[in-house]
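See below for the structure under consideration.
All of the numbers you see were taken from the coordinates with simple rules; none came from a lab. This is a predicted model, so every value here is computed, not measured. A quick note on method: Cβ atoms are made from the backbone with ideal geometry, for glycine too, and the neighbour counts reach across all protein chains shown.
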């Protein structure tokens with residue numbers, strides 16, 4: 001699902017940068033360890049854990065899960 005968000009970002013001129021939230025601590029670890037997502041501050045104090053994928057990390061995930069030829 002995140003790869004489709006990256007594709008949408010690319011298609012709309014945003015270089016593949018995406019921001020998303022983790023609903024659980026397990027997902028947060030998965031995003032950091034497996035996708036290389038970086039933690040960013042939440043909008044509100046005590047809010048959900050937010051992450052950003054940008055630059056090479058976003059392109060690597062896009063390339064792994066989606067083909068431009070589809």
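Tell me whether the stretch 1-41 comes out rounded, prolate or oblate; compute the Cα gyration tensor, take square roots of the eigenvalues as a ≥ b ≥ c, and use a/c under 1.5 as the rounded threshold. Prolate.
Exposure proxy shown here: for 65, 31, the number of other Cβ atoms within 10 Å sets the order, fewest to most, as 65, 31.
Sorted fewest first by neighbouring Cβ atoms within 10 angstrom, 9, 63 come out as 63, 9. With each label modelled as a point 7 angstrom along the Cα→C-beta vector, the residue 55-residue 1 pair spans 2.8 nm. Cα axis of helix 55-65 to longest principal axis of the chain: angle in degrees, 0 to 90, nearest 10? Value to nearest ten degrees: 70. Across the chain, the relative contact order, built from alpha-carbon pairs under 8 Å that are at least six residues apart, equals 36 percent.
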